[in-house]
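To start, the structure under review is shown below, and the notes come after it.
The values are calculated or read from the model by the stated rules, or taken from the named source; none is laboratory data. In this text, all values refer to a predicted model and were calculated from it rather than measured experimentally. Cβ placement follows ideal geometry from the backbone for every residue including glycine, while neighbour counts extend to all protein chains displayed.
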Amino acid sequence: MQTEKEGEDDVSPEEYVALSDFTGSGSDQLSFSRGDRLLVHTKPSSEWWWAELQEVKGYVPASYLRKSTAEEEEDVSLEDPWQDEEYFGSYGTLRLHLEMLSDKSRTEAYRQVILSNSASLKNKVVMDLGCGTGIISLFCAQLAQPSLVYAVEASSMADYTRQLVKQNGSEEVVSVLQARAEEIELPERVDVLVSEWMGNSLLFEFMVESVLLARDRWLREGGVMWPSSAALTLVPCQAHSYYDEKMAFWERPYGLDFTPLQPLAQQEFFTKPKFSHLVEPADCLSSPCDVISLDMYTLQIKDLEAYTLEADSLHA
């Protein structure tokens, strides 16, 4: 069996452009800056790729890169790196939508908000920005009585969203618009702006900018936003059971002594971040702390361009 490094010469590397700065946390991770052009040799997983920058090689997070095109100029300007075909193309497939819809806590939270506010939604105009498969729009149509729901989706998923709306008998209420937030044209302002815009670490993908643009242009005075506030909460934690599970595997697999591999396994364990790990309350080492709090009614894009934290706000 070959590793990603051993097999990298078998295929030609692909050129990708960095969407954002990244600082590697280990000796095998590659640091780069926004706009850098990297050569991706292999893609051992969906999250981490083996790449090269200026003859230095290392692992890079796949989500920080987009495919370089021949039409791009050498000094390509990434004025808005997430508003591109690579980004919207990923939302045109079912993989990300399956991940989001499978998050029952997330989806159920939106359903409960709509259900508990069904009376106030009656005869109101709603915009569901970045609607994806239209799940929130369908909740509005079936759990409340809005006069109209504008389901806005920039990716090609919009074609399937229209089919889902029709399949669920909501085509008279839900109007699917395939357009970016910056390009949509509506005949009226909306009473409610709802969007599931939060990414990893709250602001990753920076869809919040599109939400704020839609708010300023299309939300009527006194209108409602869901979510109306957002926060990034941090808490130091331990993961002893997960760590022990990974280390224990290398003790005696198939009755053989593999303990010499444990130091390497430990190094790899701490090199890469663990995503989607379920933290048990007992694993938390202190009380949670909100390090970023956003009021979606008053937040401005410029407020997010530079964010500083006071040291005393991070005390345990």
Item to complete: Under 9 Å between Cβ atoms, at least 6 apart or on separate chains: pull out the pairs that start in the stretch 50-62 with a residue that is more than 14 Å from SER33 (Cβ to Cβ) and modelled with pLDDT under 90 and end on any residue that is surrounded by fewer than 16 Cβ atoms within 10 Å (Cβ to Cβ) and among the hydroxyl-bearing types (Ser, Thr, Tyr).
Response: ALA62/SER45; ALA62/SER46
Worksheet item: Does ALA141 meet the test of being of a type outside the set (Ser, Thr, Tyr), over 21 Å from ARG217 (Cβ atoms) and crowded, with 22+ Cβ neighbours inside 10 Å?
Response: yes
Worksheet entry | When residues of the stretch 166-182 are limited to those that are out of contact with any Asp or Glu (no Cβ under 9 Å at 6 or more places or on another chain) and polar (S, T, N, Q), the one surrounded by the most Cβ atoms within 10 Å (Cβ to Cβ) | SER170
Worksheet item: In the stretch 1-24, which residues are surrounded by fewer than 12 Cβ atoms within 10 Å (Cβ to Cβ) and modelled with pLDDT of 75 or more?
Response: SER12, THR23
Worksheet item: Can we say VAL190 is closer than 17 Å to GLY132 by Cα and either assigned by TED's automatic domain parsing to the domain that holds THR133 or in contact with a Cys (Cβ under 6 Å, 6 or more places away or on another chain) (or both)?
Response: no
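Residue by residue, here is whether (1) at pLDDT below 90; (2) surrounded by 15 or more Cβ atoms within 10 Å (Cβ to Cβ); (3) in contact with a helix residue (DSSP H, G or I) (Cβ under 6 Å, 6 or more places away or on another chain) holds:
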site	(1), (2), (3)
GLU221	no, no, no
MET225	no, yes, no
SER228	no, no, no
ALA231	no, no, no
HIS240	yes, no, no
TYR254	no, no, no
PHE258	no, no, no
Worksheet, complete the sentence: Residues in the stretch 159-178 that are under 24 Å from the mean Cα position of the chain (by Cα) and free of Cβ contacts under 8 Å to residues at least 24 places away in the same chain total 2
Item to complete: For the stretch 227-255, enumerate the residues that are in a strand (DSSP E or B) and of a type outside the set (Val, Ile, Thr).
Response: SER229, ALA230, ALA231, LEU232, LEU234, CYS237
Response to the item:
Reported set for the stretch 183-212 where residues are surrounded by 16 or more Cβ atoms within 10 Å (Cβ to Cβ) and in contact with an Asp or Glu (Cβ under 6 Å, 6 or more places away or on another chain) is VAL194
Response to the item:
Flagged in the stretch 31-42 as modelled with pLDDT under 90 and not polar (S, T, N, Q), in numbering order, are PHE32, ARG34, GLY35, ASP36
